[in-house]
Amino acid sequence: MEYVCPVCNGMATYLLRCPHCGKQMEDRGMVADFLDEYSPYLAMDITQLVDGASYDQCVHLFYCEACKHDKRISIQRIRM
Ligand SMILES: [Zn+2]
Ligand SMILES: [Zn+2]
């Protein structure tokens, strides 16, 4: 049994409207992908923390091009 995020796997699309301007926000992918900006040591630490804290959820970063607002959304993983 494996937990997969339906959005990461292209099985579903999560549409989110910006709370500020009402435009559709862009899915920039799961938050763990952005940890590369930090040092390797820190990145590994945070990745483990994220995995451990929310095993059944995939956190995506949504971004609004119009007003530069971003928001994290937890996507429920499904069992395959
Ligand atoms: Zn995902
Ligand atoms: Zn906006």
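Structure data summary
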item	result
Unmet criterion (only one of (1) open to solvent by less than 80 Å² (accessible area, probe 1.4 Å); (2) away from ligand 2 (no atom under 15 Å from the Cβ); (3) modelled with pLDDT of 90 or more) for residue 18	(2)
Pair list, Cβ under 6 Å, 6 or more apart: the range 68-79 residue in a strand (DSSP E or B), other residue open to solvent by 60 Å² or more (accessible area, probe 1.4 Å) and more than 15 Å from ligand 1 (Cβ to nearest atom)	79/1
Subset of the range 57-80 (residues that are away from ligand 2 (no atom under 16 Å from the Cβ), surrounded by 12 or more Cβ atoms within 10 Å (Cβ to Cβ) and of a type outside the set (S, T, N, Q))	58, 59, 60, 75, 77, 78
Criterion (among the charged types (D, E, K, R), closer than 20 Å to residue 4 by Cβ and at pLDDT below 85) met by exactly one of 51, 45, 36	51
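The values are calculated or read from the model by the stated rules, or taken from the named source; none is laboratory data. Note that this is a predicted model, so its numbers are computed, not measured. Note that we place each Cβ from the backbone using ideal geometry, even for glycine, and neighbour counts take in every protein chain shown. Just the protein is used for accessible areas: all its heavy atoms, side chains included, with ligands, DNA and RNA removed. Shrake-Rupley method; radii C 1.70, N 1.55, O 1.52, S 1.80 Å.
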